[in-house]
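What follows is a short report on a single structure.
The values are calculated or read from the model by the stated rules, or taken from the named source; none is laboratory data. In this text, all values refer to a predicted model and were calculated from it rather than measured experimentally. Here the Cβ positions follow ideal geometry from the backbone for every residue, glycine too, while neighbour counts run over all protein chains shown. Side chains are part of the model used for accessible areas, which takes the heavy atoms of the whole protein and leaves out ligands, DNA and RNA. Shrake-Rupley method; radii C 1.70, N 1.55, O 1.52, S 1.80 Å.
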Amino acid sequence: MQLSRIAVAGASGLIGSALTRSLTADGHEVVRLVRREPRDETEVRWDPEAGRVDTAGLAGCDAVVNLAGAGVGSRRWTDAYKKRIHDSRVNGTTALAKAVASLDKPPQVFVNGSAMGYYGETGDLVVDENSPAGQGFLPELCVEWEGAAAPAQQAGVRTAFTRTGLVVGRGGGAWGKLFPLFQAGLGGRMGDGRQYWSFIALHDEVAAIRHLLETDGLSGPFNLTAPEPLTNREITEAMGRVLHRPTLFAVPAPVLRSVLGEMAGDVLGSARVRPTRLLESGFTFAFPDIEGAIRAA
């Protein structure tokens, strides 16, 4: 599929900024959705929590990518912050999907963010896109988040969901916090370390989103995770090898729970997620193993 003008919400985040750099480098015109007054024609005003979009600014876009949302790991999950996490995703997606559906000439494709949190706690059980949603705040959020894209789907726009894992990158997300700790020699396993972490290199995350944008016929959910999930203990050991640092400072589960509150469940929980549909669609990972992903970051 030939795309030239692509709107991106969440363009300033870890994934969004890497995606916009990649698209721009290949000659695509990127339109960024911003919450302030736009500076020029490459920016479109929106307010995701309030559900407002300057629809006129999306006219002529071949694709829309929605990666916006308050950071899940940015702070302790108070009731107020959980509401912000919810509204920034669900209200924002609803607004964008309605805006897309209202255009005289809708974009060819709408790629909407989601997360592997859809599956909740899976223990040692391997899950893929055919597995049901889990229970709890994050799974329920992901179900509602994906459902909010219905207006675009009903308007006939090809819609894909990116159920993203833990992104290995220096500029943000989980690894944005892990790298400084490990480089200082303070890294270690979390809890007993037996929980599965489904990761993906930032390079592969961007490449997978572009694959969904550019490949006709791809719609529905896609797990954006490396082919083989690893335990937290295995990832901790890999960090130590690559960074040449000790990994002695294990963080006991009770300490994590006291510091992080409800969010500790996301750190201590196990998600053994495989990208079955992504692999079946012909996507090839550049960094399928954790050491390669860490070195790439």
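Numerical summary
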| quantity | calculated |
| --- | --- |
| Normalised contact order of the chain, rounded percent, pairs of Cα under 8 Å and 6 or more residues apart | 19 percent |
| Selected from V273, V65, V34, residue furthest toward positive end of dipole (the chain; charges at beta carbon) | V34 |
| Extended-chain gain in nm, criterion 0.36 nm per residue less alpha-carbon gap, A296 and R241 | 18.4 nm |
| GluC sites (Glu not before Pro) within region 1-103: DSSP coil, no more than 10 neighbouring Cβ in 10 Å | E41 |
| Separation of alpha-carbon centers, region 203-224 and region 161-181, rounded to whole Å | 19 Å |
| Beta bridge orientation in the chain: antiparallel %, DSSP, nearest 5 | 10 percent |
| Residue among A97, L14, A133 farthest towards the positive dipole end of the chain, charges placed on Cβ | L14 |
| For L3, net neighbour charge (Lys/Arg +1, Asp/Glu -1) across residues whose Cβ lies under 13 Å away | -2 |
| Region 1-85: relative contact order as a whole-number percent, Cα under 8 Å and 6+ apart | 33 percent |
| Total formal charge among the other residues, if their Cβ is under 13 angstrom from that of E280, Lys/Arg +1 and Asp/Glu -1 | 0 |
| Charge-dipole axis of region 124-245 as Lys and Arg at +1 and Asp and Glu at -1 on Cβ define it, positive-most pick from G165, L218, P180 | P180 |
| Student exercise, region 116-167 dipole from Lys, Arg, Asp, Glu Cβ charges, in Debye to nearest 20 | 260 debye |
| Alpha-carbon radius of gyration plus Dmax, which is the widest Cα pair, for region 148-262 in Å | 17.6, 54 |
| Burial order of peptide ranges 198-205, 213-220 (average beta-carbon count within 10 Å, highest first) | 198-205, 213-220 |
| Cα→Cβ-extended label distance, 7 Å offset, between D26 and R5, nm | 2.0 nm |
| For M239, solvent-accessible area (1.4 Å; no DNA, RNA or ligand), Å² | 0 Å² |
| Helix-derived mean residue ellipticity, 222 nm - over the chain, DSSP H n ≥ 4, -39500 (n - 2.57), to 500 | -11500 deg cm²/dmol |
| Dipole magnitude (debye, nearest 20) for the chain, charges at Cβ of Lys, Arg, Asp, Glu | 780 debye |
| Residues A80 and D216, FRET efficiency given R0 of 30 Å [Cβ-Cβ distance, rounded to 0.05] | 0.10 |
| Separation of the E37 and D54 label points, Cα + 7 Å toward Cβ, nm | 1.1 nm |
| log10 of Debye I(q)/I(0), alpha-carbon scatterers only, for the chain at 0.11, 0.13, 0.14 Å⁻¹ | -0.63, -0.89, -1.02 |
| Reach of K105 by Cα under 17 Å, taken over aspartates and glutamates that are not fewer than 8 positions away in the same chain | D54, D62 |
| Counted charge near G240, where neighbours are those whose Cβ lies closer than 15 Å (Asp, Glu -1; Lys, Arg +1) | +2 |
